[in-house]
Every structure is written in C-alpha cells, then in structure tokens.
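Peer 1: Got a structure here, written out as structure tokens. Questions coming.
The values are calculated or read from the model by the stated rules, or taken from the named source; none is laboratory data. Quick caveat: nothing in here was measured; it's all calculated off a predicted structure. Cβ placement follows ideal geometry from the backbone for every residue including glycine, while neighbour counts extend to all protein chains displayed.
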Amino acid sequence: MLNVLIIEDEPFAQNELKRLLQNTGFTHQVLACIESVEDAVEWFSAHDAPELVFMDIQLADGLSFEIFTQTTVNVPVIFTTAYDAYAIQAFKVNSIDYLLKPIDQQALNNALQKYESLKTHRVPQKASLTLEQLDNLLNMVQVPKEYKSKILVKSGDQLKFISLNEVAYFYSEDNEVLLMTLDKKRYVVDFSIDQVAGMVNPKLFFRLNRGYLANKDSIVKIHKHFNSRLKIELVPQTTEDVLISRVKVSDFLEWMEL
C-alpha cells in the first residue's frame with residue numbers, strides 16, 4: 001500500500017488526481033489533501049511522513065517551495081504545475097518527476113513507475129532542493145514573461161474586456177470567480193483564481209488568500225487579527241472578512257511597500 005499525500009489547493013484538481021491514481025493500478029491510500037503552505041507545514045509536523053507527495057507549485061497562500069524552507073520533507077516529491085517546463089528544468093533532477101497540468105494518465109503512470117524503480121534501487125528518498133535552488137525557483141515561477149492588461153468577462157449574454165486598471169479584486173463565490181471593479185461593477189470570469197494570478201502583474205495584484213486576489217489600489221485598511229493574521233479592508237466593501245494567514249503576512253507587507 002503506497003501512502004500518498006496530495007498538496008493542491010483546487011478541489012477539482014484534487015479529485016482529478018485521485019481519479020487518475022485509481023486508474024494507474026497502483027495500490028495506494030491518499031492520506032490527506034492539503035490546500036496551503038501553512039497547513040502543509042503543520043501536517044508534516046504532526047504526522048508520520050508519507051511515502052510519496054504530489055505537490056502543486058502555486059498554493060492558496062504561496063508557492064509550495066516555501067514548505068521546504070519551513071519544515072523537513074525527506075520523502076520523494078512529484079511536482080504538478082500549470083507552468084511551462086522552462087521553470088521546471090532547474091530542479092527536475094532533484095525531484096522524482098514533474099507533471100504538467102492537465103495531467104496526462106500515461107505521464108502519471110510513468111512517474112509512478114519511476115518512483116518504484118528508484119525505490120527498488122534504494123535511492124535515498126528525499127527532496128534535495130538547496131536553499132539557493134529554492135530561491136531561484138521562487139524567482140523564476142513568480143515572474144512570467146508578460147502580464148495581461150485586460151481580461152475577458154461575461155456580461156449577460158455578451159463578452160467584453162475589462163482593463164485590469166479598473167479591477168479592484170477577483171474573488172470566489174458559489175463555485176464562480178467574479179471580478180469587482182473599482183466603481184462597484186461585478187462580472188463573471190471564466191478562469192480560476194489560480195489562473196488569473198498567473199496572468200496579472202504581481203506588483204499590482206496580491207493573492208490575499210484562497211478566495212481573494214486584490215489590486216493594491218483596493219486596499220484601504222489593514223488590521224491586526226488573532227493568531228498573527230491580518231484583516232484587510234477592501235473597496236468596494238466585501239460581504240465577508242478577508243484574512244491573510246500568518247505565513248503570508250511578511251510577503252504581503254513587503255509587497256505593500258513596492
């Protein structure tokens with residue numbers, strides 16, 4: 001029985017990976033599906049290590065490489081990512097494998113066969129990324145070549161483009177991703193927040209949490225919150241509290257100073 005841990009913040013991607021794993025023929029057990037850097041660090045601290053980890057690169061509260069800087073991960077890792085392979089090549093030799101999304105069944109089968117082969121030959125099972133390599137990877141993945149200046153939205157039975165300069169924030173609601181403009185107009189976006197985060201300039205937009213991606217111009221107040229978190233006030237005003245986890249506080253404050 002192969003004990004597997006999945007670190008992935010999109011429920012659809014979690015379920016799809018589980019389905020593909022069922023089709024591999026490998027007897028396995030999914031120990032947990034974890035959605036954030038913070039939760040992953042806590043999980044590794046409280047549980048025995050799994051035999052294999054599937055790890056998405058971009059999580060709800062940051063990039064999964066940050067997990068390695070906060071805890072020890074002495075198990076094989078298969079990275080999953082929607083990013084092009086140019087950023088992956090730098091660490092391919094230091095992980096078991098990587099899978100580009102959408103994950104192909106045969107590619108997953110090959111990755112598991114590679115894991116079994118390495119296990120049979122008693123290769124040390126550890127993720128051997130150095131701090132320098134992690135730093136390089138963070139820089140590579142966070143800086144795409146181009147950023148969009150506008151985004152396609154739905155308006156009734158029509159489609160239209162909205163300039164990103166007009167956007168206050170993107171947010172999730174009832175299994176949809178919505179865009180709120182600075183002048184309080186709301187539109188449906190046909191992308192996940194993860195996808196939008198990869199399209200916009202990270203100097204202007206920040207992933208506050210799993211549900212909110214905000215323009216710096218929409219942030220009007222920052223409050224201290226319990227458990228070392230921050231509460232963010234946005235304009236237009238939101239119907240729920242928007243919180244930043246303690247893991248992301250330092251990055252957020254540094255971003256606000258840019």
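Peer 1: Please state which one of Phe226, Phe205, Phe191 is aromatic (Phe, Trp, Tyr) and under 19 Å from Glu35 (Cβ atoms).
Peer 2: After applying the criteria, what remains is Phe191.
Peer 1: Asp61 - would you say it is surrounded by 14 or more Cβ atoms within 10 Å (Cβ to Cβ), closer than 29 Å to Ile244 by Cβ and at pLDDT below 85?
Peer 2: Yes, satisfied.
Peer 1: Here is a list of conditions, (1) in a helix (DSSP H, G or I); (2) touching a helix residue (DSSP H, G or I) at 6+ places or on another chain (Cβ under 7 Å), and Cys33 meets all of them except one; can you say which number that is?
Peer 2: Against the list (1) in a helix (DSSP H, G or I); (2) touching a helix residue (DSSP H, G or I) at 6+ places or on another chain (Cβ under 7 Å), Cys33 comes up short only on (1).
Peer 1: For segment 210-245, give me each residue that is loosely packed, with under 14 Cβ neighbours inside 10 Å and under 26 Å from Glu8 (Cβ atoms).
Peer 2: Across segment 210-245, the qualifying residues are Asn227, Ser228, Glu240, Asp241.
Peer 1: Tell me the residue from Leu134, Leu118, Leu208 that is under 30 Å from Ala49 (Cα atoms), of a type outside the set (S, T, N, Q), at pLDDT below 85 and under 19 Å from the mean Cα position of the chain (by Cα), please.
Peer 2: Leu134
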